[in-house]
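J.: Let me give you the structure first, and then I'll get to my questions.
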Amino acid sequence: MTAPLLELRDLAKGFPVRDAIGRRRGAVRAVDGVSLSVPKGSVLAIVGESGCGKSTLGRLALRLIEADAGEILLEGEDLRGLSARALRARRRDMQLIFQDPFASLDPRMTVEQAVAEPLRLHGIVPRAQEAQRVAELLSRVGLRPELARRWPHEFSGGQRQRIAIARALASQPKLIIGDEPVSALDVSVQAQVVNLLQDLIRELGLTFVLISHDLGVVRHIADRVAVMYLGRIVEEGPTRQVFGNPRHPYTRALLAAVPGQGHANAPLLEGDIPSPINPPSGCRFRTRCPYAQALCAEQVPPLEGASHLAACHFQNSLPPAVAGQDADTGGERLRRLQAYFTDQTQKTGELA
Amino acid sequence: MSTPVLDLARVTVEFPTDRGRLRPVDGISFSVEAGKTLAVVGESGCGKSVTALAIMGLLPQGGEVGGGIRLAGQELLALTPDQRRARRGGEMAMVFQEPMTSLNPAFTAGEQVAEALRLHQGLSPDAAFAKAIEMFRRVRIPEPERRARSYPHQLSGGMRQRVMIAMALACRPRLLIADEPTTALDVTVQAQILALIDEMKRETGTAVVLITHDLGVVRDHADDVVVMYAGRVAERASAADLFANPQHPYTIGLLGAAPRLEGGAARLASIEGTVPDLMHPPPGCRFAPRCPFAIAQCAEQPPLADITPGHQAACWRAPLDSLLEQAA
């Protein structure tokens with residue numbers, strides 16, 4: 001087992017809830033006792049629906065917001081113990097890619113300035129080599145280096161996300177956290193960026209934390225998956241096992257709800273996610289769970305298992321799971337025709 | 001054969017701009033029958049939402065519609081603005097992607113549904129409010145009496161979209177246009193809303209135009225499909241045919257670009273490049289610059305032609321199967 005690059009231990013964060021005139025009215029436990037470990041060179045996906053705390057968790061791990069409790073170990077060093085100055089220096093090792101490439105690039109900086117900024121900030125290369133390094137980074141993410149003098153508004157969403165990735169790679173980080181990095185992109189462009197991320201992860205040996213609600217993308221690139229619901233992890237394990245044999249009723253419902261599986265009449269989860277201000281006692285999923293019993297309201301189920309863990313009192317007595325699977329109607333003909341697209345990519349070398 | 005509820009014939013939409021005329025919709029035709037769902041699928045900028053707005057008569061100022069749009073046999077483009085307004089809400093209704101922007105924040109959810117009923121069905125205020133609560137129950141909003149008295153900001157995203165569907169279906173319209181109705185919602189709530197639209201369609205016989213970018217949604221909920229690319233129809237078929245035997249290279253690429261739940265392909269079949277600038281579209285087939293099958297002939301616009309009965313594609317090279325035979 002490789003040593004973890006990033007380890008989170010019992011991380012917790014609450015946000016105060018205020019009424020209209022600013023009086024404190026309780027707190028949202030956005031992240032409530034999360035422990036995770038990301039081995040070096042692997043991809044961990046954090047999935048869940050809006051409000052489950054996955055984005056907060058990503059920001060806590062980078063200390064972009066401060067945790068209330070817990071430890072964040074990067075290569076064994078607790079980031080929460082670092083001074084502001086030491087943290088700033090450590091930031092070159094960890095980068096964040098945001099969802100919205102229209103908001104994450106400064107419109108007043110050319111592509112070259114945007115990508116060079118982290119180079120200069122962390123003293124990665126001497127000034128004289130800056131332009132050359134920027135050109136290398138741009139071609140690394142599939143953009144022609146001649147585009148360096150252009151402004152962000154001249155690029156499409158997919159190209160901007162490539163620029164954001166080049167910027168994240170500039171400081172030669174060990175860890176990249178992507179918060180819905182492809183969710184804002186159209187599906188054909190999304191495939192380009194997913195392929196790019198996959199290549200970069202493999203070729204640069206990156207450790208990647210993918211925060212996403214898109215289970216198809218997660219299945220495609222993650223080694224392990226953690227499923228969050230209302231601030232807690234309900235299931236965690238190797239991607240293939242979590243998708244093939246989900247052990248928590250919430251994971252099962254989430255997988256069954258993905259459209260395109262050809263069973264439009266599968267049992268649906270009832271109701272909405274409860275308010276995180278006043279979450280249900282015991283197991284937080286019990287109000288929507290078809291298998292809930294009295295015990296579920298009384299005791300918080302522990303996250304149990306060897307390599308594939310789930311937090312459900314009845315995980316060993318649930319009916320057999322149905323694996324998530326897309327209806328496969330196009331068959332061999334479709335796969336052979338699609339190969340023409342893949343071949344074209346390799347021929348053109350992808351420089352956009 | 002009965003008259004389709006909606007019939008579009010060579011519809012174009014144009015906007016005058018500073019840089020010349022922009023034509024986001026360039027000659028599209030399709031029809032939908034009662035009780036059926038037609039999915040219009042494509043990526044941003046393909047013209048699918050503009051088409052929806054053109055049908056509803058809700059295009060922004062300056063938009064000019066050409067061709068023909070018939071609702072139950074009647075030409076909508078020949079009507080006066082007042083006559084078209086009278087049909088909105090009653091005969092044809094629309095559900096948008098973001099329910100928060102479509103609901104008036106100053107009125108309760110129940111009042112807004114009741115207003116539609118007063119206007120189009122001439123109900124008294126009390127009767128309309130009672131019917132609104134009944135509609136809330138039908139779309140399975142819990143505690144309908146209380147929610148009818150809630151303001152939009154007091155409801156969750158899924159609940160607001162249920163209110164929109166209740167409002168759209170309250171007057172039993174012949175046609176419901178749902179423009180990305182679940183894109184802003186979480187996947188478990190999305191499944192509920194789409195199932196609800198299916199159920200309502202079965203009950204009332206409403207024809208549904210479902211606009212989406214999600215091929216998975218199309219697979220589970222559509223009877224027929226129109227695939228749009230850069231303002232034109234690339235392919236048109238029954239949903240079963242489209243997925244079993246896609247003919248247009250764009251459709252084939254799109255199907256390969258979405259990662260699969262059971263894993264599989266090491267690399268996704270990405271479509272290189274980006275959609276064309278509609279101010280300067282490429283001549284001929286608009287997909288040709290990104291198409292691995294493109295040949296010289298593609299510099300001319302291919303007609304939307306039958307490849308197999310009832311299954312049309314606008315591609316000179318379709319059916320592509322002969323290519324596979326040569327390769328084998």
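J.: Counting only other chains, what is the mean number of Cβ atoms within 10 angstrom of the Cβ of each residue in peptide A:146-159?
T.: Values: counts 0, 0, 0, 0, 0, 0, 0, 0, 0, 1, 5, 2, 3, 1.
That average works out to 1.
J.: Under the Kirkwood approximation for Rh and a Cα-based Rg, what ratio Rg/Rh is obtained for the stretch A:105-223?
T.: 0.96
J.: Now, a different point. Determine the shielding of peptide A:217-223 by partner chains: average, over its residues, the number of Cβ atoms on other chains within 10 angstrom of each Cβ.
T.: 3
J.: Counting other beta carbons within 10 Å of each Cβ, put B:Met135, B:Met56, B:Met279 in order, fewest first.
T.: Ordered by Cβ neighbours within 10 Å, fewest first: B:Met279, B:Met56, B:Met135.
J.: Let's see if you can work this out: charge +1 on each Lys and Arg Cβ, -1 on each Asp and Glu Cβ, no other charges. What is the dipole magnitude of the stretch A:248-310 about its Cα centre, in debye to the nearest 20?
T.: 60 debye
J.: Specify the angular offset, from 0 to 90 degrees and rounded to the nearest 10, of the alpha carbon long axis of helix B:187-204 from the longest principal axis of the alpha carbons in chain B.
T.: 80 degrees
J.: On to the next question. If you average the sequence gap of Cα pairs under 8 Å that are 6 or more apart and divide by the length of the stretch A:248-310, what percent do you get for the contact order? Write down the numbers at each step before the final one.
T.: On the way: 41 pairs, mean separation 17.9, N = 63.
Relative contact order of the stretch A:248-310: 28 percent.
J.: So, one more: In nm, give the distance between the simple-model label positions of A:Arg127 and B:Arg10, each being 7 Å from the Cα along the Cα-to-Cβ direction.
T.: 6.5 nm
J.: Okay, moving on. Rank A:Thr287, A:Asn316, A:Pro302 by how far each Cα sits towards the positive end of the charge dipole of the stretch A:198-352 (+1 on Lys, Arg Cβ; -1 on Asp, Glu Cβ) and give me just the farthest.
T.: So the residue we want is A:Asn316.
J.: Please compute the alpha carbon radius of gyration of the stretch B:101-172, then divide it by the globular-protein estimate 2.2 N^0.38 Å. Two decimals is fine.
T.: Here the Cα radius of gyration is 0.95 times the empirical estimate.
J.: Just to be sure I understand the model, the point goes 7 Å from the Cα along the line to the Cβ. What's the resulting A:Arg9 to B:Glu145 distance in nm?
T.: Modelled inter-label distance: 5.5 nm.
J.: To the nearest 10 degrees, how steep is helix B:157-170 against the longest Cα principal axis of chain B, on a 0 to 90 scale?
T.: In chain B, helix B:157-170 runs at an angle near 80 degrees to the longest axis.
J.: With a 10 Å Cβ neighbour count serving as the proxy for reagent exposure, in which order, fewest first, do B:Lys36, B:Lys201, A:Lys40 appear?
T.: Taking fewest neighbouring Cβ atoms as first place, the list is A:Lys40, B:Lys36, B:Lys201.
J.: I would also like to ask the following. Give me B:Ile211, A:Ile277, A:Ile201 sorted ascending by neighbouring Cβ count inside 10 Å, so fewest comes first.
T.: Listing B:Ile211, A:Ile277, A:Ile201 from fewest to most nearby Cβ atoms yields A:Ile277, A:Ile201, B:Ile211.
J.: Another one. Please compute the contact order of chain B in relative form: average sequence separation of alpha-carbon pairs under 8 Å and at least six residues apart, divided by the residue count, as a percent.
T.: After rounding, I find 20 percent.
J.: Run the paramagnetic zone check for B:Gln61: 7 angstrom along Cα to Cβ, then residues of the stretch B:13-36 with backbone nitrogen under 19 Å.
T.: Residues passing the 19 Å test: B:14-22.
J.: Expressed as a whole number of Å, what is the distance separating the alpha-carbon centroids of the stretch B:94-151 and the stretch A:1-51?
T.: So the two Cα centres are separated by 38 Å.
J.: Then there is this: Please average, across the residues of A:195-207, the number of beta carbons from any other chain that are within 10 Å of each residue's own beta carbon, and give a whole number.
T.: 1
J.: Sequence gap at least 6, Cα distance under 8 Å: using those rules, report the relative contact order of the stretch A:1-62 to the nearest whole percent.
T.: Numbers: 83 pairs, mean separation 21.5, N = 62.
That works out to 35 percent.
J.: How big is D, in µm² s⁻¹, for the stretch B:224-326 by Stokes-Einstein at 37 °C and 0.692 mPa s if Rh is the Kirkwood radius over C-alpha pairs?
T.: 228 µm²/s
J.: Can I ask one more? Tell me, what are the semi-axes, in whole angstrom and largest first, of the equivalent ellipsoid of the stretch B:35-98 as set by the roots of 5 times the Cα gyration tensor eigenvalues?
T.: They are 20, 15, 12 Å, listed from largest to smallest.
J.: With each label point set 7 Å from Cα along the Cα-Cβ vector, what nm distance links B:Thr204 and B:Asp18?
T.: Inter-label distance under the simple model: 4.3 nm.
J.: Could you tell me how many degrees, from 0 to 90 and to the nearest 10, lie between the Cα long axis of helix B:109-121 and the main elongation axis, the longest principal axis, of the Cα atoms of chain B?
T.: 90 degrees
J.: Another question about this same structure. If a/c stays under 1.5 just call it rounded; otherwise compare a/b with b/c (prolate if a/b is bigger, oblate if not). Do that for the protein assembly as shown, with a ≥ b ≥ c from the square roots of the Cα gyration tensor eigenvalues.
T.: Oblate, since a/c reaches 1.5 and b/c is not below a/b.
J.: Normalised radius of gyration for chain B, please: alpha carbon Rg relative to 2.2 N^0.38 Å, two decimal places. Numbers along the way, then the final one.
T.: Details: Rg = 20.9 Å, N = 328, 2.2 N^0.38 = 19.9 Å.
It is 1.05.
J.: Between Rg and the Kirkwood Rh of chain A, both from Cα atoms, what is the Rg to Rh ratio?
T.: Values: Rg = 21.6 Å, Rh = 21.9 Å.
Result for chain A is an Rg/Rh of 0.99.
Values quoted throughout were computed directly from the atomic coordinates according to the rules given, and no laboratory measurement underlies them. Source: prediction; values computed, not measured. Neighbour counts are summed over all protein chains in view; Cβ atoms, including those assigned to glycine, are modelled from backbone coordinates with ideal geometry.
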